[in-house]
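To start, the structure under review is shown below, and the notes come after it.
Computed from the coordinates by the stated procedures, all read-outs in this text should not be read as laboratory data. Predicted model only: the values in this text are computed from it and were never measured. For neighbour counting, all protein chains shown are included, and Cβ atoms are generated from backbone atoms with ideal geometry for every residue, glycine included.
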Amino acid sequence: MLPRYRVDFEHQQSQVGVKASSSFQVPKNVWKFLWALPIPPKLRHFWWRACNNLLASKVNLYRRRCATEALCPICHKESESVEHLLCGCAWTRAVWFGNSLSIPLVEGSIASIQQWTCEVYKAIADKHDRVDYVCKMIWLAWHIWKSRNNYVFNHLPIDPVATEKSFCESARHSIQSPLPSSLSSPAQDAPRTWSPSLPGRFKVNCDVAIKPGSLSAYMAVLIRDSEGYLMDGVVRMEEVGSVMQGEASAIRWACLVIRDLNLSQVEIVSDNKEVIRLCVSEDAPPWKCAPIIEDIRSLANLCNLSFLWTPRLANEAAHWTARAFLKGVLPSNWMRHHPEGLCKALASS
Ligand SMILES: [Zn+2]
């Protein structure tokens, strides 16, 4: 059982309403600590976005004119800031209190996720306890975020007990044996041949072929189920500014296809190491690709997507489709009757 730590909530309450990232900066040593936590990279990235007020909350969408109102879609009482979404809404407070962390939050007590993270970091002197506590804090916030998204996008009811249960499962496995970090070091962990997704989930392979002497990008996106069957596939051509922009654009398009199909927890696979690295990190992308990478990062959060780099050979089916489309030999009914080349590529990868 973890010791309980008191954080100076009164001090934070005086700052309710202050924009999370406007006046407070997370010190470098705290970032260093956060990036070294034994949690999956998508969780570190999620917490970085939460700390920087970058999650797609209603307030943030409203600011960007992507939503008609900023009100919390669950309680309909407060604006849905990142802080309200993760720890202010009544149901989230029940979750924070009802588990081994037992954090007694009162409405509006967390004015900034950044500052809260730093307060917790300072309050726990013991290194091991600190890692354990902050990992659990991030896992719990992640499950709250997922439950909230399931409510908003999939109309699943909010269930604090179920959220807490999923948190307990993940935290137990994660803290005792860190999850594989294939996203942060794709080159070492990626499989050499196509590997299926977990049962009930989908894997999306994408690739792009650039027409020689031009910047016409011929893209292919293939959706395969956990058995490896090709469920759907789409191709499109787009003029791009560079080869890398074309690769990034294909991944963004894959994200949009997944969003439109209302799928979630999908793994997007590409053989472009650099673009996959940019999708899963917070690094600043080259300016030509920056808006595309930003879109991908937002869509990844919105639809719970993960990304994986794979060698060319394991991405053969998407590669074959993009090449055939470029050469003009992809029949219009290629999804209904797979051409021989595609069958071979599907079988080999
Ligand atoms: Zn609410």
q = 0.13, 0.17, 0.18 Å⁻¹, the range 186-348: log10 I(q)/I(0) [Debye, one scatterer per Cα]:
-0.56, -0.98, -1.11
The relative contact order of the range 256-319, taking Cα pairs under 8 Å that sit 6 or more residues apart, comes to a percentage of 50 percent
Taking Lys77 as the anchor, which lysines have their alpha carbon closer than 24 Å to its alpha carbon, excluding any fewer than eight residues away along the same chain?
Lys19, Lys58, Lys146
Enumerate the lysines that Lys28 could reach by cross-link, defined here as Cα to Cα under 16 Å, with residues fewer than 8 away along the same chain left out.
Lys122
Calculate the length of the line joining the C-alpha centroid of the range 197-262 to that of the range 102-170, in whole Å.
34 Å
Using a Cα-Cα cut-off of under 17 Å, which aspartates and glutamates could be cross-linked to Lys203, ignoring same-chain neighbours fewer than 8 residues away?
Asp189, Asp225, Glu227, Asp232, Asp260, Glu267, Asp271, Glu316
Charge tally in the Cβ shell below 10 Å around Val269, where Lys, Arg are +1 and Asp, Glu are -1, Val269 excluded
-1
Expressed as a whole-number percentage, the relative contact order of the range 186-348 with C-alpha contacts under 8 angstrom and at least six residues apart is 28 percent
J(HN,Hα) series, the range 252-268, from Karplus relation 6.51 cos²θ - 1.76 cosθ + 1.60, nearest Hz, glycine and proline x
4, 5, 4, 4, 5, 4, 5, 4, 5, 7, 6, 8, 9, 6, 9, 9, 9
Net charge near Lys203, counting Lys/Arg +1 and Asp/Glu -1 over other residues with Cβ under 13 Å of its Cβ?
-2
Loop-resident sites, the range 236-327, for chymotrypsin sites (Phe, Trp or Tyr not before Pro), counting at most 11 other Cβ within 10 Å (DSSP)
Trp287
